[in-house]
Amino acid sequence: MVPLLLAGGMSLVMSLLGTRYLIGWLRARRFRQINAQLGEALTLVSSSLRSGLSLPQGVELVVQEMDPPI
């Protein structure tokens with residue numbers, strides 16, 4: 001009975017830690033993706049502003065032209 005409770009407790013702890021690790025890893029991956037695209041997105045907004053578009057139009061252009069997560 002005791003080994004079963006110990007195994008259950010250990011699996012609970014491991015699942016909680018594993019979930020926390022997975023969420024942290026996914027979050028870090030998304031931040032890396034955004035960081036990699038941020039320069040291009042800012043350049044696109046800057047170019048759209050120079051061409052006479054408004055800021056909301058420039059942001060909309062970024063949304064249309066770039067792949068997610070931006």
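The values are calculated or read from the model by the stated rules, or taken from the named source; none is laboratory data. It should be emphasised that the depicted structure is a prediction, and the values quoted were computed from it without experimental measurement. In this analysis, Cβ positions are derived from the backbone assuming ideal geometry, glycine residues included, and neighbour counts consider all displayed protein chains. Calculation scope for accessible area: heavy atoms of the full protein, side chains included, ligands and nucleic acids excluded. Shrake-Rupley method; radii C 1.70, N 1.55, O 1.52, S 1.80 Å.
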In region 41-53, residues that are polar (S, T, N, Q) and either open to solvent by 80 Å² or more (accessible area, probe 1.4 Å) or in a loop (DSSP other than H, G, I, E, B) (or both) total 2
Counting only residues that are under 20 Å from the mean Cα position of the chain (by Cα) and among the aliphatic types (A, V, I, L, M), region 18-54 contains a total of 9
If I filter region 33-41 for residues that are at pLDDT 95 or above and in contact with a helix residue (DSSP H, G or I) (Cβ under 8 Å, 6 or more places away or on another chain), do I get at least one hit?
yes
Expected output for region 25-45 (first residue within 20 Å of Leu61 (Cβ to Cβ), partner of a type in the set (Lys, Arg) and surrounded by 13 or more Cβ atoms within 10 Å (Cβ to Cβ), Cβ below 9 Å, 6+ apart or cross-chain) is none
Exactly one of Pro69, Pro56 is out of contact with any strand residue (DSSP E or B) (no Cβ under 7 Å at 6 or more places or on another chain), surrounded by fewer than 10 Cβ atoms within 10 Å (Cβ to Cβ) and of a type outside the set (D, E, K, R), and that one is Pro56
Residue hits (region 1-40; open to solvent by less than 100 Å² (accessible area, probe 1.4 Å), hydrophobic (A, V, I, L, M, F, W, C) and closer than 30 Å to Glu65 by Cβ) are Leu26, Ala28, Ile34, Ala36, Leu38
Scanning region 42-55 residue by residue, those small (Gly, Ala, Ser) and either at pLDDT below 95 or within 19 Å of Asp67 (Cα to Cα) (or both) turn out to be Ser46, Ser47, Ser48
Conditions (1) touching a Ser or Thr at 6+ places or on another chain (Cβ under 6 Å); (2) not in a helix (DSSP H, G or I); (3) not polar (S, T, N, Q) -> Leu61 fails only (2)
